[in-house]
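The values are calculated or read from the model by the stated rules, or taken from the named source; none is laboratory data. None of these values were measured; they are calculated from a predicted model. FYI the Cβ positions are ideal-geometry reconstructions off the backbone, even for glycines, and counts take in every protein chain you see. Surface accessibility is based on the protein's heavy atoms, side chains included, excluding ligands, DNA and RNA. Shrake-Rupley method; radii C 1.70, N 1.55, O 1.52, S 1.80 Å.
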Number of protein chains: 2
Amino acid sequence: MEQNQDDKKIENNLSTIKHTIIVLSGKGGVGKSTVSANLAISLSKKGYHVGLLDGDLHGPSIPKILGVEDKRPEASEKGIAPVLALPKLKVMSMAFLLQDRDAPVIWRGPLKMGALKQFIGEVNWGELDYLIIDLPPGTGDEPLSIAQLIPNSDGAVVVTTPQDVALVSVRKSINFVKKMNMPVIGIIENMSGFTCPHCGKAIDIFKTGGGQKASKDFNISYLGNIPIEPEIVKTGDSGDAFLTKHAKSDAAKAFEKIVDNIEKKVNKKQVK
Amino acid sequence: MEQNQDDKKIENNLSTIKHTIIVLSGKGGVGKSTVSANLAISLSKKGYHVGLLDGDLHGPSIPKILGVEDKRPEASEKGIAPVLALPKLKVMSMAFLLQDRDAPVIWRGPLKMGALKQFIGEVNWGELDYLIIDLPPGTGDEPLSIAQLIPNSDGAVVVTTPQDVALVSVRKSINFVKKMNMPVIGIIENMSGFTCPHCGKAIDIFKTGGGQKASKDFNISYLGNIPIEPEIVKTGDSGDAFLTKHAKSDAAKAFEKIVDNIEKKVNKKQVK
């Protein structure tokens, strides 16, 4: 009974959301949350109503990246109201629910499934054009729960860095997505190449091209690559969205192209 | 009954291991596995018998970093024999047990606890001076299981990168370790500063100094910092251990100092 009520709440909530995009990575530290945050910002600036669900329960970083870490969601009879990061961008994260920012979330799998159910079923997302779900790296409880809770998502965007060690993990992610019968929207290669700000010469920190290779191997779309830019780190730390502050940088331009690609691939249904 | 037998196996196995060091990070992609691998190599080169347990079940990368990904552990009546990466370095990883390298491990918490129990209780580690355990990022099932399975470890080494977003997570890790009553050996700041190989000027990619700040805030030891070095990425990909190939680089020297610090802190008991 309880189970069915939960499922019904989730179904009700998802019925007013047009597109759900799941952002995944094989390993951590590839910039997945930064990509998720800037994807959400970019879509909301194009006029869409966007929700961003931070599905990383142990290490939620979306509120910090968006500069809303001190805000708190409010409860009403309609459910929990997500935090408004921009006029058309609603955010929900475990970080909002922790009294102490430094407190670790020491949870095993079943509790995590419960939290994600609440985030989808009991948060009052309202009418959304896009719900972006930023998941923790790997193929454990959180991605598995989301795949089961949202069986009809538009699909997964897989973020990687170019080095081989990261690509071993990305291949696992792609196979995970396929096993879950989730469509793959495409791959993004982040931290792809770097230019010295002093002498202007190219430096290969993490190499380049690995994401493109994986996309060919698996016959899935390559959405584009984003160069390393120290400003992205700084804006992530200061809570200024990168795309807001550095709209003309190479990284921002690369990012806008990627968003266009995602929009084209996903937006086959009519979105107002 | 089953439970007690498992516990006894683990107790037996741990009784021939002098020191157990757990390597943790708040978020992924901070170079934790690279640090674990090079710590294990460095200790084994000093003449110690070392075991390295890759506790990242979803994204095991230790075998790739050590160039032993094609090897397989052998079963005998004494248990599963770990893979020998160097004359005095034994390795165990989920990667050795997967038939298909690209196959995702889609497991929820309880299965993960079971796998880690086997890795500790049924792998024939033999006499070891050090067992290094590389855990996946965060404060979920794997770190929780290890903390419960090995209540008397020498403690945790926490790896971070310097930017604020990473430090939010590292603070959670430290609080997790304290809640588990595990000693903290200290913090390592990785990807700390970068020098352009063309013009020699310093570039702040991820900033510097955050690890040191966290160590002061929590009153725990600062073990040292490791600069970004593209060669570390390359050797990680090619399976040559960084310390073997680039013993005279700045990063290698920084690393050796860190290992000395860890050795001093841990090595109060007599080790042959």
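Provide a single number: the residues in the range B:115-139 that are of a type in the set (D, E, K, R) and assigned to a helix (DSSP H, G or I). Explain how you work it out, then say what you get.
To start, the set of residues in the range B:115-139 that are of a type in the set (D, E, K, R) comprises B:117, B:122, B:127, B:129, B:134.
In the following step, the residues that additionally are assigned to a helix (DSSP H, G or I) were identified as B:117.
Result for the range B:115-139: 1.
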Next item on the list: Within the range B:108-140, track down each residue that is within 14 Å of chain A (Cβ to nearest Cβ), among the hydrophobic types (A, V, I, L, M, F, W, C) and within 21 Å of B:LEU14 (Cα to Cα).
Entry: B:MET113, B:ALA115, B:LEU116, B:LEU135
Check: Going through the range B:140-155 one residue at a time, which ones are open to solvent by less than 10 Å² (accessible area, probe 1.4 Å), within 13 Å of A:GLY140 (Cβ to Cβ) and not small (Gly, Ala, Ser)?
Finding: B:ASP141, B:PRO143
Item checked: Residue in the range B:86-93 that is under 19 Å from the mean Cα position of the chain (by Cα), closer than 27 Å to A:PRO136 by Cα and open to solvent by 40 Å² or more (accessible area, probe 1.4 Å) present -> no
Checklist line | Scan of the range A:23-45 for residues that are more than 16 Å from A:SER61 (Cα to Cα) and buried (at least 20 other Cβ atoms within 10 Å of the Cβ), ordered by number | finding: A:GLY26, A:SER42, A:LEU43, A:SER44
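Got a number for residues in the range A:204-249 being over 20 Å from A:ALA85 (Cα atoms), touching a His at 6+ places or on another chain (Cβ under 8 Å) and surrounded by 20 or more Cβ atoms within 10 Å (Cβ to Cβ)?
Of the residues in the range A:204-249, the ones over 20 Å from A:ALA85 (Cα atoms) are A:204-231, A:248-249.
Remaining after also requiring touching a His at 6+ places or on another chain (Cβ under 8 Å): A:229, A:231.
Cutting the leftovers down to surrounded by 20 or more Cβ atoms within 10 Å (Cβ to Cβ) gives us A:229.
Number satisfying all stated conditions: 1.
Could you say whether any residue in the range B:196-216 is in a strand (DSSP E or B), away from chain A (no Cβ under 12 Å) and at pLDDT 90 or above? Steps first, answer last, please.
First pass over the range B:196-216, keeping only residues in a strand (DSSP E or B): B:202-203.
Now drop any that are not away from chain A (no Cβ under 12 Å), which leaves none.
No, the range B:196-216 contains no residue that is in a strand (DSSP E or B), away from chain A (no Cβ under 12 Å) and at pLDDT 90 or above.
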Notebook entry, point to check: Somewhere in the range A:163-179, is a residue without any contact (Cβ under 8 Å) to a residue 24 or more places away in the chain and assigned to a loop (DSSP other than H, G, I, E, B)?
Noted result: no
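Criterion first (among the aliphatic types (A, V, I, L, M), more than 21 Å from B:GLY236 (Cβ to Cβ) and touching a strand residue (DSSP E or B) at 6+ places or on another chain (Cβ under 9 Å)) does A:LEU243 satisfy it?
no
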Note to self: Within the range B:143-160, does at least one residue satisfy the condition of being charged (D, E, K, R) and modelled with pLDDT of 95 or more?
What the structure shows: yes
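If you check A:ILE106 against the conditions, is it in a strand (DSSP E or B) and on the phi < 0 side of the Ramachandran plot?
No: the conditions fail for A:ILE106.
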Check: What number of residues within the range B:227-254 are within 14 Å of chain A (Cβ to nearest Cβ), at negative phi and assigned to a loop (DSSP other than H, G, I, E, B)?
Finding: 5
Item checked: Tally, over the range A:15-45, of residues that are more than 20 Å from A:LYS172 (Cβ to Cβ) and hydroxyl-bearing (Ser, Thr, Tyr) -> 6
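With the requirement that a residue be over 17 Å from B:ILE17 (Cβ atoms) and more than 14 Å from chain A (Cβ to nearest Cβ), what does the range B:69-82 give you? Spell out the reasoning first.
Within the range B:69-82, the first condition is being over 17 Å from B:ILE17 (Cβ atoms), and the residues that meet it are B:69-77.
Answer for the range B:69-82, where residues must be over 17 Å from B:ILE17 (Cβ atoms) and more than 14 Å from chain A (Cβ to nearest Cβ): B:LYS71, B:ARG72, B:PRO73, B:GLU74, B:ALA75, B:SER76, B:GLU77.
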Notebook entry, point to check: Assuming A:ASP164 fulfils every condition listed in (1) more than 12 Å from A:LEU24 (Cβ to Cβ); (2) within 14 Å of chain B (Cβ to nearest Cβ); (3) open to solvent by less than 10 Å² (accessible area, probe 1.4 Å) apart from one, which condition is it?
Noted result: (3)
Next item on the list: Determine if the range A:179-191 includes at least one residue that is closer than 30 Å to B:LEU66 by Cβ, within 9 Å of chain B (Cβ to nearest Cβ), out of contact with any Phe, Trp or Tyr (no Cβ under 7 Å at 6 or more places or on another chain) and modelled with pLDDT of 90 or more.
Entry: yes
Checklist line | Scope the range A:94-107; condition closer than 16 Å to B:GLY140 by Cα and either open to solvent by 50 Å² or more (accessible area, probe 1.4 Å) or at the interface with another protein chain (Cβ under 8 Å from one of its Cβ atoms) (or both); matching residues | finding: A:ASP102, A:ALA103, A:PRO104, A:VAL105, A:ILE106, A:TRP107
